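Below is one structure, written out as structure tokens, with a few remarks after it.
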Ligand code: ATP
């Protein structure tokens, strides 16, 4: 409990068991006013506690609204509101004319900020506002999304206008509009919400609930470390449940019933036709970096095919669902794969979830084709008869079989089951090409890597085959390149053991597991790509502003300002200016895209942290992959500030544009944590090499 609960409670009101939208708005305002993670979590925890205890029916709608969504990614649902619907509502409800509206947009850029100003200036109301409730707002969104067919635009417009009409204050208006345009701009990001839910249920129960929470009765008497341990356990549990079953519609009611207990993973765990969040690969610099990381272990090298990741679910009745890497349902895109299922599953297989990469191939020869060919396939309602782009599914994992989750089995076991129980169909369904090896097989691994890159693969994925015994102790000396280079952050809950001598550092860590870990990027799955140059990592950055170019570049934007994402607060932290790697054609297209009079150019946004002022600010919407020489501490740039230095951020030297990451949304841009991790690695490398950066 903290002072924030008092602040929030002032806004607590309820209408027949429904919490007021004013309460949620107050929480948004408090979250928006800080970049400190502890305050954000604190505010959310207290908001959730008030709801759990006082209005449990409003909890689920509040979680949806705070996470800026209203349905899970695999249930196609869109509000389908154009900017014109919002503008029309501004005119009808707040009495603005076109000119006034344009002026407000020019000044503020963000539709929510325009709503804030317009509401403040509103001089009359057509009807007496009826106080909004959290549940009511959420239900309005669902109604908008469900409104289809003739007359739906008018119906949607009426709902939007009613919402604006009923706001009781400028802040409510701001957040209602930001919700309607699906851009909340606050740091109540998914991971924070899961942490907040876990903690809130450690402190609170809905009235009449029967569950008990481990440690709840003695919370007040716990020492700080004990409390932290309790938090960590609860958070891991909630995150694990969400990674296996990413739907608040199931998670929140389940928590209201059983609290945060291990049962969550049973009642709200892996399930057929609900996609789990995929396991991800960690980047390595090159093959030798990979071999160092996996020293002493048996691993499988696999071709890293350049296609689309697919999670295939099939139940005992033969119903098939296929999901993308981002959990969207894409069964309609691949009817040819759906029709293969009866042939690939062996007799002993009734239900399964397997994973693989769909790649465009030549039907006759099986030759792999470029990713661009695959993008030519329509996304929806593909008719089997008219398919021109043939595909093959290269299967690499099996996560569920005959009613049983396999996530805790070793990769070797899962792969053996996949390959023995399913049947290959040449050029349509087969296994990823693999080579099992250990770190002493460097020549064979190099050969395999070369072969992969020669057949249009992006490189290789390398996966630990067996689970190491738990509690393995790694002895590492600072002179030993191999162990000292290990990225210990990637292991779960590492524990540093005091150094025994100046030159020796011992580290005890949890065993490196080969289990399937949904939504985690661990060292048990490594990727080695052909385009990583020997020493350079790359960053995926968001272009957020620019200056007018000089000389030859006078017609274009140059340099361009780029940012990393703070995953806790949602703030974009500026990291560098770039004027290298762009072609003239790219500059031209960029200038057209971010034309000064377009909606892609906005006024200074509040969610960007930068001490300078570019000539224009871009509406953040894309991700660029960037190379750079090294990372430096900077008084101007704010990226990762507080993570490596209290008053200085991190910046890049010699940044160079590589390509637009069309497959990534800005939520997937590199984070400040990741950048700080790269900086630490760079410092470690420099220390090992005896280089001391005088600038530091
Ligand atoms: P990238 O920047 O490499 O595209 P990403 O963030 O999209 O990365 P990662 O998990 O980092 O995804 O890289 C693994 C991706 O490679 C998978 O999502 C999958 O689509 C693809 N892939 C191709 N072949 C394999 C394979 N054999 N095993 C696992 N993933 C594979």
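Fully extended, how many nm does the chain gain between residue 236 and residue 182 (0.36 nm per residue separation, minus their Cα-Cα distance)?
Numbers: separation 54, 0.36 × 54 = 19.44 nm, distance 2.82 nm.
Residue separation times 0.36 nm, minus the Cα-Cα distance, leaves 16.6 nm.
If we count other beta carbons within 10 Å of each Cβ, what is the order of 59, 446, fewest first? Working shown, then result.
Numbers: 59 27, 446 13.
The fewest-first ordering by Cβ neighbours comes to 446, 59.
Using Cα-Cα distances under 8 Å and only pairs 6 or more residues apart, what relative contact order does the range 11-112 have, in percent? All intermediate terms of the calculation are to be shown ahead of the outcome.
Working: 51 pairs, mean separation 16.7, N = 102.
Relative CO of the range 11-112 lands at 16 percent.
Would you mind getting the Kirkwood hydrodynamic radius of the range 560-696 from its Cα pairs, rounded to one decimal in Å? Each step should come with its number before you reach the end.
Working: mean 1/r = 0.0629 Å⁻¹.
Computed over the range 560-696, the radius equals 15.9 Å.
Using the alpha carbon gyration tensor of the range 233-346, what are the three equivalent-ellipsoid semi-axes (square root of 5 times each eigenvalue), largest first, in whole Å? Don't skip to the end; give the middle numbers.
Working: eigenvalues 166, 129, 31 Å².
In descending order, the three semi-axes are 29, 25, 12 Å.
Rounded to the nearest Å, what's the spacing between the alpha carbon centres of the range 229-276 and the range 278-309? Just the number, please.
29 Å
Run lengths n ≥ 4 of DSSP H only: what is the helix-derived mean residue ellipticity at 222 nm for the chain, with -39500 (n - 2.57) per run over all residues, to the nearest 500? It would help to have the intermediate numbers written out before the result.
Values: 22 runs with 244 residues, N = 696.
After summing the helix terms and dividing by the residues of the chain, the value is -10500 deg cm²/dmol.
Using a Förster distance of 30 angstrom, determine the FRET efficiency expected from the C-beta separation of residue 38 and residue 611, and round it to 0.05. Working shown, then result.
Details: r = 24 Å, r/R0 = 0.79.
Computed FRET efficiency for residue 38 and residue 611: 0.80.
For the chain, just say rounded, prolate or oblate: build the C-alpha gyration tensor, square-root its eigenvalues into a ≥ b ≥ c, call rounded for a/c under 1.5, and beyond that prolate if a/b exceeds b/c, oblate if not.
Details: a/c = 1.34, a/b = 1.28, b/c = 1.04.
Rounded.
Can you give me the relative contact order of the chain as a percent, contacts being Cα pairs under 8 Å and 6 or more apart? Intermediate values should be presented prior to the final figure.
Working: 1316 pairs, mean separation 77.9, N = 696.
The normalised contact order for the chain reaches 11 percent.
With a/c under 1.5 counting as rounded, go ahead and sort the range 309-373 into rounded, prolate or oblate using the C-alpha gyration tensor (a ≥ b ≥ c being the square roots of the eigenvalues; past the cut-off, prolate if a/b is larger than b/c, else oblate). List each step's numbers first, then the result.
Numbers: a/c = 2.33, a/b = 1.44, b/c = 1.62.
Cα axes put the range 309-373 in the oblate bin.
Using 1/(1 + (r/R0)^6) with R0 = 41 angstrom and r between the beta carbons of residue 139 and residue 316, what's the FRET efficiency to the nearest 0.05? List each step's numbers first, then the result.
Working: r = 35 Å, r/R0 = 0.86.
The calculated FRET efficiency here is 0.70.
Counting other beta carbons within 10 Å of each Cβ, put 387, 159 in order, fewest first.
Numbers: 387 15, 159 20.
With the fewest neighbours first, 387, 159 line up as 387, 159.
On a full-extension model of 0.36 nm per residue, what is the gain between residue 387 and residue 442, subtracting their alpha-carbon distance, rounded to one decimal in nm? Don't skip to the end; give the middle numbers.
Details: separation 55, 0.36 × 55 = 19.80 nm, distance 4.18 nm.
Full extension from residue 387 to residue 442 adds 15.6 nm.
Defining a contact as two alpha carbons under 8 Å apart and six or more residues distant in sequence, what relative contact order in percent does the range 561-696 show?
On the way: 219 pairs, mean separation 37.1, N = 136.
Relative contact order for the range 561-696 comes out at 27 percent.
When you count, for each residue, the other Cβ atoms within 10 Å and take the mean per peptide, how do 673-685, 559-571 rank with the highest first?
Values: 673-685: 17.8, 559-571: 24.5.
Sorting 673-685, 559-571 by mean packing, highest first, produces 559-571, 673-685.
How do 358, 601 line up, fewest other C-beta atoms within 10 Å first?
Numbers: 358 24, 601 20.
Ranked by crowding around the Cβ, least crowded first: 601, 358.
What is the helix-to-structure angle for 37-54, meaning the angle in degrees between its Cα long axis and the longest Cα principal axis of the chain, kept from 0 to 90 and rounded to the nearest 10?
60 degrees
Between residue 596 and residue 222, with labels modelled 7 Å along Cα→Cβ, what's the label distance in nm to one decimal, could you check?
Modelled inter-label distance: 5.7 nm.
Treating the angle as unsigned and between 0 and 90°, give the value, to the nearest 10°, between the Cα long axis of helix 170-180 and the longest Cα principal axis of the chain.
Between helix and principal axis, roughly 40 degrees.
Can you bin the range 521-620 into rounded, prolate or oblate? Criterion: square roots of the alpha carbon gyration tensor eigenvalues sorted a ≥ b ≥ c, rounded for a/c under 1.5, prolate for a/b above b/c, oblate for the rest.
Working: a/c = 2.41, a/b = 1.40, b/c = 1.72.
Oblate is the answer for the range 521-620, as a/c is 1.5 or above yet b/c matches or exceeds a/b.
I'd like the projected area of the range 1-139, averaged over all directions, using the convex hull of its alpha carbons. Report it in nm² with one decimal.
Values: hull surface 40.9 nm².
For the range 1-139, the mean projected area of the Cα convex hull comes to 10.2 nm².
Calculate how steeply helix 335-344 sits against the longest principal axis of the alpha-carbon atoms of the chain, using the helix alpha-carbon long axis, and give the answer as 0 to 90 degrees to the nearest 10.
40 degrees
Read-outs: derived from the displayed coordinates by stated rules, not from any lab. For clarity, every value in this text was computed on a predicted model and none was experimentally measured. Cβ sites come from the backbone with ideal geometry, for glycine too, and all protein chains shown count toward neighbours.
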